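What follows is one structure encoded as structure tokens, with my remarks underneath.
Taken together, the values in this text are just the output of simple stated rules run on the coordinates, not laboratory data. Small disclaimer: the values here were computed from a predicted structure and weren't measured. Virtual Cβ from ideal backbone geometry, glycine too; neighbours counted across all protein chains shown.
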């Protein structure tokens, strides 16, 4: 009889833990809502960068945000903001073909980044594949890291 009770107790605890995990991580509405929120944040970030909307950039990107660009240059959120304030401009920025995968309080978004910018007096236009990592903090989702890899034009690719 004791084994039967302990087995039933284990099953009850296991099912309760499984149900809790499903609500936190895999509840269909929660995952879809998080993905939609992150896609919205990506579009808002594009707008904020072009407009040099510093409060919006700081709200979307966490204080320690780090980004490795297509030139392998690593910068932090405040580095980019200082650059914009010093005269670097982004004429257009778009994030397309977005795919968001959520993992509880973490998410990864990947897609295409198209940018036209002037950095240190040099005009740049490029299309890159990019990845950004978000964490859900008590105040909401914030980007904590990102990376882009330029998509080379066919004539720039080496033949195998």
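Give, in whole angstrom and from largest to smallest, the semi-axes √(5λ) of the equivalent ellipsoid of the range 32-124, with λ running over the eigenvalues of the Cα gyration tensor.
The answer is 23, 14, 13 Å, longest axis first.
Points 7 angstrom from Cα along the Cβ direction at residue 114 and residue 59: gap in nanometres?
Result: 2.7 nm between the two label points.
Under a point spin-label approximation (7 Å from Cα along Cα-to-Cβ), what is the residue 124-residue 153 distance to one decimal in nm?
The modelled label-to-label distance comes out at 1.7 nm.
Full-extension gain between residue 135 and residue 33, please, as 0.36 nm times their residue separation minus the C-alpha to C-alpha distance.
Full extension from residue 135 to residue 33 adds 35.3 nm.
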